[in-house]
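Take a look at the structure set out below.
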Amino acid sequence: MGTVASATSATDDVIALLSDLVAIDSVNPSLVPGAAGERRVADHVAAWGQHAGLSVELIEEPAGRPSVVVRTGRRGDGRVLLLCGHLDTVGHGEMTEPLVPRVESDRMYGRGAYDMKAGLAAALIACRDAGRADIGGEVIVAAVADEEHSSSGVQQVLRHVTADAAIVTEPTELAIATAHKGFVWIELEVLGRAAHGSRPHLGIDAILKTGPILVALGDLDADLRVRRQHPTLGPASLHASLISGGTEESTIPGRCLFTVERRTLPGETVDGVEQEISEVLGRCRAADPEVNASQRTTLAREPFEVDAAQPIVGTLARAAGGAADRAPDVTGVSYWADSAFLHAAGIPTVLYGPGGEGAHAAVEWVSLDDTRACARTLTRAALEFCR
Ligand SMILES: [Zn+2]
């Protein structure tokens with residue numbers, strides 16, 4: 001007891017574990033019907049944890065979508081640090097050999113290497129090595145299912161686990177991310193009156209009535225980008241992501257359906273976003289009484305921002321500076337992540353993970369040096385936070 005495993009063996013271990021995780025198919029079956037899911041990779045993490053002398057619990061809600069909670073066990077009244085990463089990946093798409101963890105100089109290629117099996121491997125190594133040292137608190141790793149679709153894994157884990165702080169080890173290029181955006185999906189239905197194209201006096205063209213609404217939403221987007229800015233996340237924004245309508249060439253369309261996605265900044269609410277869209281529709285209706293449009297929110301995810309005065313922010317900055325010989329950047333990330341759920345559960349949360357490229361793309365790789373640095377930083381952070 002008392003000392004951390006030597007740097008050399010720990011850093012080799014993180015690459016070996018990463019390689020094993022990449023080789024296991026864990027495509028999210030909610031994204032790709034019939035895909036492998038988290039079963040095999042969860043079993044691998046559980047077996048690895050048991051072999052490392054850690055306590056392991058499988059949480060399988062809903063059935064077939066297991067998450068794994070790995071713990072050092074708590075020996076004193078020190079603080080509890082939760083490290084959180086997801087087990088699932090997006091589909092293989094156009095990738096060649098997605099499940100072959102190929103190493104070229106500093107890069108490991110493969111689906112999920114960057115998003116985010118490297119961060120997960122680093123978290124597990126940090127949990128093991130902090131557990132071998134003499135901490136008085138506890139380190140917990142939540143290896144969760146389904147982040148790439150509905151985040152059911154982290155929501156279930158939060159019914160069993162709490163902590164004094166959390167680090168989500170999504171890729172951040174070794175920066176400390178203290179904020180990310182949220183999003184709201186709103187479906188809009190514009191109704192007209194279907195009629196034969198040769199009898200225009202009988203119809204109301206739902207697609208043409210949609211035009212001014214789209215223009216007004218474009219104006220709203222332009223306005224948001226100027227008026228609503230966040231120091232690290234940039235502007236709030238909106239785009240029209242899906243549209244459908246009409247039945248055939250010679251029929252005036254009776255219905256047009258489209259979806260807008262609104263990316264939200266910390267402090268913005270779903271109610272506020274719905275109100276903005278509702279005001280756009282109100283103005284379009286005032287300009288043209290034949291506009292018959294309604295809106296429906298189909299999914300919303302909260303933005304996230306941690307108070308920079310939270311102890312975990314300083315702890316992680318000191319750990320990262322010590323492990324990499326330079327102070328880390330403190331920034332925001334563009335993507336949404338499970339951190340929003342941890343934050344909403346009252347756990348001060350930051351994001352920190354390795355660099356690479358190609359999340360959700362045809363070529364994905366992670367930096368091996370960054371993965372090693374991430375494992376060292378997380379270990380140092382755990383030793384300080386949980387001592
Ligand atoms: Zn991810």
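The values are calculated or read from the model by the stated rules, or taken from the named source; none is laboratory data. Computed from a prediction, not measured in an experiment: that's the story for all the values here. Glycine also receives a Cβ, built like all others from the backbone with ideal geometry; neighbour counts cover every protein chain displayed. Please note that ligands, DNA and RNA were not included when accessible areas were found on the heavy atoms of the full protein model with its side chains. Shrake-Rupley method; radii C 1.70, N 1.55, O 1.52, S 1.80 Å.
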Evaluate segment 235-243: report whether one residue or more is open to solvent by 30 Å² or more (accessible area, probe 1.4 Å) and closer than 21 Å to A179 by Cβ.
yes
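Which of the residues spanning segment 271-299 are assigned to a helix (DSSP H, G or I) and without any contact (Cβ under 8 Å) to a residue 40 or more places away in the chain?
The answer is D271, G272, Q275, S278, E279, G282, R285, A286.
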All-but-one check, A63 against (1) under 23 Å from R159 (Cβ atoms); (2) among the small types (G, A, S); (3) not in a loop (DSSP other than H, G, I, E, B), failing number (3)
Within segment 99-110, is there a residue that is in contact (Cβ under 8 Å) with a residue 60 or more places away in the chain, within 16 Å of the ligand (Cβ to nearest atom) and β-branched (V, I, T)?
no
Go through segment 258-270 and give me each residue that's open to solvent by less than 40 Å² (accessible area, probe 1.4 Å), in a strand (DSSP E or B) and of a type outside the set (F, W, Y).
T259, V260, E261, R262, T264
Residue among R132, R107 that is open to solvent by 10 Å² or more (accessible area, probe 1.4 Å) and either under 16 Å from D370 (Cα atoms) or of a type in the set (S, T, N, Q) (or both)
R107
Checking the conditions here, which among S105, S30, S55 is farther than 26 Å from A382 by Cβ, more than 22 Å from the chain's Cα centre (by Cα) and among the small types (G, A, S)?
S105
Only one of (1) of a type outside the set (K, R); (2) within 22 Å of V157 (Cβ to Cβ); (3) buried (at least 22 other Cβ atoms within 10 Å of the Cβ) does not apply to V14, and that is (2)
For segment 144-164, state whether one or more residues are more than 16 Å from the chain's Cα centre (by Cα), crowded, with 24+ Cβ neighbours inside 10 Å and at pLDDT 95 or above.
yes
